[in-house]
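Contents: one structure, followed by commentary.
The values are calculated or read from the model by the stated rules, or taken from the named source; none is laboratory data. Fair warning: this is a prediction, and the values are worked out from it, not measured in the lab. FYI the Cβ positions are ideal-geometry reconstructions off the backbone, even for glycines, and counts take in every protein chain you see.
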Amino acid sequence: MRVFGEEAQWPRQDLIGFCEEFDPPLVLAAYQCGVFPMPLLESAFSTEMGWWSPMRRGILPLDQVRVTRSLRKSVRRYRTSIDQAFHRVIRQCANPEREGAWITEEVRAVYSTLHEDGQAHSVEVWDAEGRLVGGLYGVSIGGLFAGESMFHDPEHGRDASKVALLRLVTELARGVAAEDLAERRLLDVQWQTPHLASMGVIEVPRTEYLQRLDRVLTAGPPDWKGSADA
């Protein structure tokens, strides 16, 4: 039985519940149910963890990524890596000066534990001076990658978050036949934004997302440890 019950029992809204409990096992169980955590900081329940499953879920089909000419040029200016600086990436994503900041110390601690357990991964983007100028992190379960947050350095990292996303797409697609991508991989970005839509992110109904999720959870995961710098 699903930890959060069946979809038919969920409210017809993005927020399906909240509670005080929040730890790595519950987070992993949530992703497998199509649910993700995000604190209710700007509400009367600011001490509670919100559990979300958007009615319209943002996903990036790996065979529909849009790469502009300017982004192709940006890619050549940077070096990317996998899991070389997870803690620095999540710290940058949690910068309280960022608009809409929501990553608390508790969230950082839980995802750091997931990283140490091999479930959470990061993509880093470095400039020619060796500075960390962009990156992203998320959770990998089977063929699912649930993207949590990304960042870029506005001074030194133009397009760096997009470059990180392109590297992620490359890693997820590696070793999977093009005709099998939809059955074996699912890149979840939670909600579509104009920034993400420009790269090919689409929205699907919650029911369709859950169907796709069920198909990919049993797929073999990417080879994160075998990923080299690029």
* Asked: Of the residues that sit in the stretch 115-125 and are in contact (Cβ under 8 Å) with a residue 40 or more places away in the chain and crowded, with 21+ Cβ neighbours inside 10 Å, which one is farthest from the chain's Cα centre (by Cα)?
  -> V125
* Structure fact -> With criteria (1) in contact with a helix residue (DSSP H, G or I) (Cβ under 7 Å, 6 or more places away or on another chain); (2) part of a loop (DSSP other than H, G, I, E, B), F151 comes up short on (2)
* Looking at the stretch 165-230, what helices (runs of 4 or more DSSP H) fall wholly within it and have at least 1 residues that are basic (K, R)? -> 181-184, 206-216
* Could you identify the single residue in A173, A146 that is in contact with a Leu (Cβ under 9 Å, 6 or more places away or on another chain), within 20 Å of Q64 (Cα to Cα), at pLDDT 95 or above and surrounded by fewer than 20 Cβ atoms within 10 Å (Cβ to Cβ)? => A173
* Out of (1) more than 14 Å from the chain's Cα centre (by Cα); (2) over 17 Å from V204 (Cβ atoms), what's the single condition that is false for M38? -> (1)
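Filter the strands (runs of 3 or more DSSP E) completely within the stretch 1-114 down to those with at least 1 residues that are closer than 28 Å to H152 by Cβ, at pLDDT 95 or above and touching a Lys or Arg at 6+ places or on another chain (Cβ under 8 Å).
56-59, 79-82
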